[in-house]
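Asker: Input: one structure, supplied below.
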Amino acid sequence: MANLIRYDPFSDAGFDEFFRGFFQPVWREGRNQPVSIKMDVTEDDKFYIVHAEIPGVNKSDIHVTIEGNQVTLAAEVKREKEMKDDQRVLHTERYYGNAVRSFTLPTEVDESASEAKYQDGVLELKLVKKAQLAGKRLNVQ
């Protein structure tokens, strides 16, 4: 027979996290740390496909750099709205500033044939693998 477990709705981590620190001071030293760009990378025979979450960024503020097999994503998240004179901030968790992520792929990427698209806060990179040169066999004399 199955054991019964008592359910406590206030012990749920999501509920607790929502209110944790809600009424603490808005700005504390060390809270403005850059966030890491979260991403998924898949591959097939010809491409690497990267989906990176970069919400709240304009296309013009995203920079993708490819050097051999190293890819760097950089984005600047800007504060869009200024507060009115009669408003004050009670709580803020959103990050404003630079976000950077670099990663290395197993093979080099052809940057001239690769593509980047940004839609709904997700950057999609279609990175074309460079053709591997076949090694030359040397005759031993």
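Asker: Which one is surrounded by the most Cβ atoms within 10 Å (Cβ to Cβ), of the residues in segment 80-106 that are under 16 Å from the mean Cα position of the chain (by Cα) and hydroxyl-bearing (Ser, Thr, Tyr)?
Answerer: Of segment 80-106, the ones under 16 Å from the mean Cα position of the chain (by Cα) are 94-104.
Pick out the ones that are also hydroxyl-bearing (Ser, Thr, Tyr) and you get 95-96, 102, 104.
Numbers: 95: 14, 96: 12, 102: 12, 104: 8.
The selected residue is 95.
Asker: Which of the strands (runs of 3 or more DSSP E) contained wholly in segment 45-102 include at least 1 residues that are at pLDDT 90 or above, within 18 Å of residue 117 (Cα to Cα) and among the charged types (D, E, K, R)?
Answerer: Working: elements: 47-53, 62-67, 70-77.
Because the criterion is at least 1 residues that are at pLDDT 90 or above, within 18 Å of residue 117 (Cα to Cα) and among the charged types (D, E, K, R), the strands (runs of 3 or more DSSP E) in segment 45-102 that meet it are 47-53.
Asker: So residue 122 clears everything in (1) in contact with a strand residue (DSSP E or B) (Cβ under 8 Å, 6 or more places away or on another chain); (2) over 17 Å from residue 37 (Cα atoms) except one condition, right? Which one?
Answerer: The one condition residue 122 does not meet is (2).
Asker: Please determine, by comparing only the residues of segment 57-79 that are among the small types (Gly, Ala, Ser) and surrounded by 15 or more Cβ atoms within 10 Å (Cβ to Cβ), which one is farthest from residue 129 (Cα to Cα).
Answerer: Step one: filter segment 57-79 for residues among the small types (Gly, Ala, Ser), giving 60, 68, 74-75.
Then keep just the ones that are surrounded by 15 or more Cβ atoms within 10 Å (Cβ to Cβ); that gives 74-75.
On the way: 74: 21, 75: 24 Å.
Per the criteria, the residue is 75.
Asker: Name the pairs: first residue in segment 77-102 and closer than 18 Å to residue 63 by Cβ, second residue charged (D, E, K, R) and assigned to a loop (DSSP other than H, G, I, E, B), Cβ to Cβ under 6 Å, at least 6 apart or on different chains?
Answerer: 96/79
Asker: Of the conditions (1) surrounded by 13 or more Cβ atoms within 10 Å (Cβ to Cβ); (2) in a strand (DSSP E or B), residue 42 clears all except one; give me its number.
Answerer: (1)
Asker: Something else: Which of the residues that make up segment 32-85 are under 13 Å from residue 109 (Cα atoms) and of a type in the set (A, V, I, L, M, F, W, C)?
Answerer: 47, 49, 50, 64, 66, 71
Asker: Taking residue 127 as the residue in question, decide whether it is aliphatic (A, V, I, L, M), out of contact with any Lys or Arg (no Cβ under 9 Å at 6 or more places or on another chain), over 15 Å from residue 57 (Cβ atoms) and surrounded by 10 or more Cβ atoms within 10 Å (Cβ to Cβ). Let's see the steps before the verdict.
Answerer: Numbers: aliphatic (A, V, I, L, M): yes; out of contact with any Lys or Arg (no Cβ under 9 Å at 6 or more places or on another chain): yes; over 15 Å from residue 57 (Cβ atoms): yes; surrounded by 10 or more Cβ atoms within 10 Å (Cβ to Cβ): yes.
Against the criterion (aliphatic (A, V, I, L, M), out of contact with any Lys or Arg (no Cβ under 9 Å at 6 or more places or on another chain), over 15 Å from residue 57 (Cβ atoms) and surrounded by 10 or more Cβ atoms within 10 Å (Cβ to Cβ)), residue 127 qualifies.
Asker: Can you name the residue in segment 108-124 that is exposed (fewer than 10 other Cβ atoms within 10 Å of the Cβ) and under 16 Å from the mean Cα position of the chain (by Cα) and, of all such residues, is farthest from residue 66 (Cα to Cα)? Break it down into steps so the answer makes sense when it comes.
Answerer: So the first thing to find is which residues in segment 108-124 are exposed (fewer than 10 other Cβ atoms within 10 Å of the Cβ), and the list is 112, 119-120.
Still in the list and also under 16 Å from the mean Cα position of the chain (by Cα): 119-120.
Details: 119: 21, 120: 23 Å.
Among those residues, the one meeting the criterion is 120.
The values are calculated or read from the model by the stated rules, or taken from the named source; none is laboratory data. Quick caveat: nothing in here was measured; it's all calculated off a predicted structure. Here Cβ is always computed from backbone atoms with ideal geometry, including for glycine, and neighbour counts include all displayed protein chains.
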